[in-house]
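Worksheet: the structure to be examined is printed underneath.
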Ligand SMILES: Nc1ncnc2c1ncn2[C@@H]1O[C@H](COP(=O)(O)OP(=O)(O)O)[C@@H](O)[C@H]1O
Ligand SMILES: [Mg+2]
C-alpha cells in the first residue's frame, strides 16, 4: 500500500509501499520513530482512511475502494479502537460510552446497556458504571475505552499509543488487560514508539520513512 | 428498526445539547420567538376578528342596509372621502322613512334610529356621563338583535309609537347605576330632565366590531326622543333589512330608486344619500387588517429570517465545539446521515423551542385580552400547529447547512481537533 499526502507542491509519501499480512489472533506491535507513518498505517488498518494505491483486504473483503458510509459500517463491526487520548464522550457515563458503538449497529437500549455493563465488569470497572470520564482516573478511562473497543466483538483491536498518556504502573495494568484479551482469541495491533510496550507483542513491525524496516517475531514477550 | 433507532438516538443527543447550553440557546432563539409571535398573533387576532364578524353577520343577517348622509367608505372610484359633499346632504326625515318603508318592496322590515351622544344618566344620587342614547323605531332590534335578560322585556308597539317613558339599558350601565343588574328593572332613570322607567336590561354583548356595544347604551322609543331634542338636528340612520332571498344588489337598487323618487332627483343628478351595506364596515375592517397583516407579516418574516440565521450560526458554533466528538462518533461507526440528523434535529428542536416561547407569549396575551379587556380571543390548535410547523421548517432549513458540514467531516481530522 501507498499513502501519499499532497499539500500544495509538497508531496509526502507517508506510506511508501508497505506490504503486510496479519493473521487472525495475532498480537502485533507497530514501531518506528515519529513521522515514520505509524498513524497513517493505523488509520488505514482502522478503515478511517484508504490507501492512495494498493489494496487493503480485511477478512477477505477489499475495503480500499469503499465509500464513507460503508467504511463506517466496517469500522463499527470489525474494528475496536483504543486511542492515546481515550476519546470518550465527556457527557456520557461509562456505560453510555461503552454502549455507543452498539447504537450505530441498531441495538436496543436494554440490550445495549446490558452488554456494556458486562464489558465494563470484564475490564474491572463494575463499580464505575455511572461515572463520567472526568470522574475517572486515566487508567480507568483507558479501561472504558478498551471495553468500548471490545463491545461489538471486532476482528481487530487497534491501539494507537494506548499508554502514551498513562504512568508506568497504569501502563502495565493496561498491557496486562491486552494480554488477557489476546489470550481470549482477539487480534491486537498496538502502535507505539516505546520498546517496553512493544515487547508485550508476539510480533514487532518497524517502520521508517513509510517503509517496513523489519518484521520479526518476538520470541520472549513480556508477560504483564 | 435500525434506522428508527438511529433517528431516536440523534434526537436524544440533540435534546441533551439543547438543554446544556441554555442561555446561549435562549438568546439565539429570540429571532424565531419574535417572528412566530408576530405571525401567529396576527393569525390569532384575525381569527378572533373573523369570528366576531361572522357572529355579527349571523346575528343581523347579511342584507342589512344603512341609508344616510354619510357613506362608510369613499364612494366607488374615489380614493378620497369627499366629506364636504356629504355634509350638505339632507338627512333622512321621519316622513321619508315612513314613505320609503311602504315603497321599498324588497324590505322585510325597516327602522329609523338616531344616536344621541354624551348624555348624562342619573339615578338617585348616581350618574353616568358620556352615555350613548339610541332612539329607534319599533323594528330596530331586528337589525341589531341582542337578547333582553330574563325579568325584562322589549317595548310594546304601543309604547314605541306613543313615545312612552321607558328604556332598555346595557348591563354595564345597569351595574354602574344599580350595582346589581337585576335591581334595574322598574327603576327610574333621568336624562335631560325626563324620567324614564327601565323595563329591560340587554344581555352582556361585549364590544362589537363597530366599537360600540349595548352594554353602555340606552335604547328608548324614537318618538320619546322627539319630546326632548329637536331630531331634525341629528343625522338619522334609516335601516332596512332585505327580504330573505333578495340579492344585495337588488335590495340596493330598490332602495336607491325609491329614495331618488321621494327626493325627486332628476336622472342626471347624483344620489344625495348613501346606501351602506352592514357588511361594508366589515369589509373595511378586513381591508385595514390586511394592511396590518402585511406590515406585521413582513416584520414577522424578517424576524424569522434573522432567527433562521441565528440558529444556523449557533449550530455552526455547536458543530465547531463538538468537532472532536463528531470524529469519535464517526470512528465508532456513525454514518453521515446519523450525524446529519442529529444536528438537524438539534436545530429543529431549538427553533421549535423559540416558536413555543412566542406561542406562550401569545397565549398570555389572549388571556389578558379575554379576561382583562373583555375581548374574547383564543390561541387555536390550528395556529399552534402552524406556529410550530413554521418553526420546525425554519429550524430544518437553518440547521441543514451546519449539520451537513458536520456530517461530511473526516473522522481522523475531526478527532485531532
Ligand atoms: N493529514 C496529513 N496531511 C499531510 N501530511 C501528513 C498527514 N498526516 C501525516 N502526514 C505526514 O505523513 C508522515 C507520516 O505521518 P504519521 O503517519 O503521523 O507518522 P507517525 O504516526 O509515525 O508519527 C509525516 O511526514 C507526516 O507529516
Ligand atoms: Mg502518530
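The values are calculated or read from the model by the stated rules, or taken from the named source; none is laboratory data. For clarity, every value in this text was computed on a predicted model and none was experimentally measured. A quick note on method: Cβ atoms are made from the backbone with ideal geometry, for glycine too, and the neighbour counts reach across all protein chains shown.
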| Residue tally, condition under 17 Å from residue A:91 (Cα atoms), in contact with a helix residue (DSSP H, G or I) (Cβ under 7 Å, 6 or more places away or on another chain) and at pLDDT below 90, over region B:302-324 | 1
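In region B:284-322, which residue that is within 14 Å of chain A (Cβ to nearest Cβ) and assigned to a helix (DSSP H, G or I) is nearest to residue B:393 (Cα to Cα)?
Within region B:284-322, the subset within 14 Å of chain A (Cβ to nearest Cβ) is B:318, B:321-322.
Filter again for assigned to a helix (DSSP H, G or I), leaving B:318, B:321.
Numbers: B:318: 20, B:321: 25 Å.
If we take residues in region B:284-322 being within 14 Å of chain A (Cβ to nearest Cβ) and assigned to a helix (DSSP H, G or I), then B:318 is nearest to residue B:393 (Cα to Cα).
Mind listing whichever residues of region B:323-345 are within 14 Å of another protein chain (Cβ to nearest Cβ) and farther than 17 Å from residue A:104 by Cβ?
Filtering region B:323-345 down to residues within 14 Å of another protein chain (Cβ to nearest Cβ) leaves B:323-342.
B:323, B:324, listed by residue number.
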| task | Please indicate, with yes or no, whether at least one residue in region A:23-31 is within 16 Å of ligand 2 (Cβ to nearest atom), modelled with pLDDT under 95 and assigned to a loop (DSSP other than H, G, I, E, B). | result | no
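Could you list, in sequence order, all residues of region A:1-21 that are surrounded by 16 or more Cβ atoms within 10 Å (Cβ to Cβ) and not in a strand (DSSP E or B)?
Initially, region A:1-21 is screened for residues surrounded by 16 or more Cβ atoms within 10 Å (Cβ to Cβ), giving A:1, A:3, A:13-16, A:18.
Across region A:1-21, the qualifying residues are A:1, A:18.
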| query | Tell me, which residue of region A:42-57 that is in contact with a helix residue (DSSP H, G or I) (Cβ under 7 Å, 6 or more places away or on another chain) and within 16 Å of ligand 2 (Cβ to nearest atom) is farthest from the other protein chains (Cβ to nearest Cβ)? | reply | A:46
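Inspect all residues belonging to region B:145-153 and state whether any of them is touching a helix residue (DSSP H, G or I) at 6+ places or on another chain (Cβ under 8 Å) and part of a helix (DSSP H, G or I). Show your work before the answer.
Taking region B:145-153 first, the residues touching a helix residue (DSSP H, G or I) at 6+ places or on another chain (Cβ under 8 Å) are B:145-146, B:149, B:151.
Then keep just the ones that are part of a helix (DSSP H, G or I); that gives none.
Looking for residues that are touching a helix residue (DSSP H, G or I) at 6+ places or on another chain (Cβ under 8 Å) and part of a helix (DSSP H, G or I), one finds none in region B:145-153, hence no.
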| region A:185-207 residues that are within 14 Å of chain B (Cβ to nearest Cβ), paired with ones that are within 16 Å of ligand 1 (Cβ to nearest atom) and in a loop (DSSP other than H, G, I, E, B) (beta carbon under 7 Å, 6 or more apart) | A:191/A:161
| Has region A:34-41 got at least one residue that is within 16 Å of ligand 1 (Cβ to nearest atom) and within 10 Å of another protein chain (Cβ to nearest Cβ)? | yes
| request: Could you please let me know if residue B:327 is farther than 13 Å from residue B:34 by Cβ, part of a loop (DSSP other than H, G, I, E, B) and touching a helix residue (DSSP H, G or I) at 6+ places or on another chain (Cβ under 6 Å)? | output: no
| message | Conditions first: (1) closer than 27 Å to residue A:180 by Cα; (2) in contact with a strand residue (DSSP E or B) (Cβ under 8 Å, 6 or more places away or on another chain); (3) more than 16 Å from ligand 1 (Cβ to nearest atom). Residue A:21 passes all but one, so which condition is the exception? | response | (2)
| task | Just need a number here: residues in region B:393-410 that are closer than 15 Å to residue B:321 by Cα and within 11 Å of chain A (Cβ to nearest Cβ). | result | 2
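Which of the residues belonging to region A:154-168 are within 14 Å of residue A:187 (Cα to Cα) and more than 16 Å from ligand 1 (Cβ to nearest atom)?
If we filter region A:154-168 for residues that are within 14 Å of residue A:187 (Cα to Cα), which is where we start, we get A:154-159.
Passing the criteria: A:154, A:155, A:156, A:157.
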| note | Restricted to region B:354-367 and to residues being surrounded by fewer than 21 Cβ atoms within 10 Å (Cβ to Cβ) and in contact with a helix residue (DSSP H, G or I) (Cβ under 6 Å, 6 or more places away or on another chain), the residue farthest from residue B:414 (Cα to Cα) is B:361
